[in-house]
Amino acid sequence: DAGITQSPRHKVTETGTPVTLRCHQTENHRYMYWYRQDPGHGLRLIHYSYGVKDTDKGEVSDGYSVSRSKTEDFLLTLESATSSQTSVYFCAISDSLGTEAFFGQGTRLTVV
Amino acid sequence: SQKIEQNSEALNIQEGKTATLTCNYTNYSPAYLQWYRQDPGRGPVFLLLIRENEKEKRKERLKVTFDTTLKQSLFHITASQPADSATYLCALDTRGQNFVFGPGTRLSVLP
């Protein structure tokens, strides 16, 4: 398995609180992605990174921010969690465009 | 608007038959297309990638075709087994620096 770890694996938080999810890789891959997966919507891209400090928005970026200060870490922050952000979040990494992506095990986030 | 569709939400087939899953897209011009398998509670796992200049790709019992004129990819699993039961996702690149996924097809192979 590719060296990609998401933490935490499960989290329950209250509406309005900030939440940070971490994705850590040991593969030295350039690209890192955050997706959310919801029934009826499939996997939707939140943000992605194409290098240290280089990030861009995906299709569902509202309410989320990211940071990548090191090649190996990509953080996803919900500034003020809402119930609509209850979802399963997946991190993925890729060495270059046009190659396979490796996914983490996912983080199940529940906002109550 | 841009859209990716997979033929059906769920597909049931008998063991030993060939499963054919469809991925159609509109308003994209992908340079490549990927297929992933996802089991419940797990992240997607890469299966095959096919580029726009390739018509067909094979890997063991898997075969993918890519028709850029029809804007369609077909994913075949021959001699299907119950262990092939999973959700299969297609993903295509956006000509940018990311890729997007279809909604997936949940395949059940019945013994």
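So here's what we get for this one:
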item	result
Size of charge dipole - segment B:3-110 - debye, nearest 20, with Cβ of Lys, Arg +1 and Asp, Glu -1, no other charges	140
GNM top mover of B:29, B:85, B:73 - chain B, alpha-carbon springs below 10 Å	B:29
GNM top mover of B:20, B:94, B:69 - chain B, alpha-carbon springs below 10 Å	B:69
Segment residue B:62-residue B:85, length gained on full extension (0.36 nm per residue, minus Cα span)	6.9 nm
Electrostatic dipole magnitude of the protein assembly as shown [Cβ: Lys, Arg +1; Asp, Glu -1; Cα centre; debye, to 20]	160
Rg and Dmax of segment B:3-110, Cα atoms only, in Å	13.1, 40
Net dipole in debye of segment A:33-112 [+1 Lys, Arg Cβ; -1 Asp, Glu Cβ; about Cα centre; nearest 20]	140
Three-way shape label, the protein assembly as shown, alpha-carbon gyration tensor, a/c 1.5	prolate
Placed amide H near residue B:104: partners under 5 Å, 5+ positions off or other chain	B:6, B:90
Estimated vicinal HN-Hα couplings, Hz - segment A:75-91 in sequence order (Karplus 6.51, -1.76, 1.60; Gly, Pro = x)	9, 10, 10, 9, 5, 8, 4, 10, 4, 5, 8, 5, 5, 9, 10, 10, 9
Under 29 Å from the Cα of residue A:70 - lysines, other chains or at least 8 residues apart	A:11, A:53, A:57
For segment A:4-111, projected area of the alpha-carbon convex hull averaged over all directions, nm²	6.1
Three-way shape label, segment A:1-48, alpha-carbon gyration tensor, a/c 1.5	oblate
Charge dipole of chain A about the Cα centre (unit charges at C-beta), most positive-ward option of A:102, A:55, A:15	A:15
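Here, each number is a calculation from the coordinates, and none is a lab measurement. All values derive from a computational prediction rather than experimental measurement. Because the Cβ atoms are built from the backbone with ideal geometry, glycine has one as well, and the counts that use them run over all protein chains shown.
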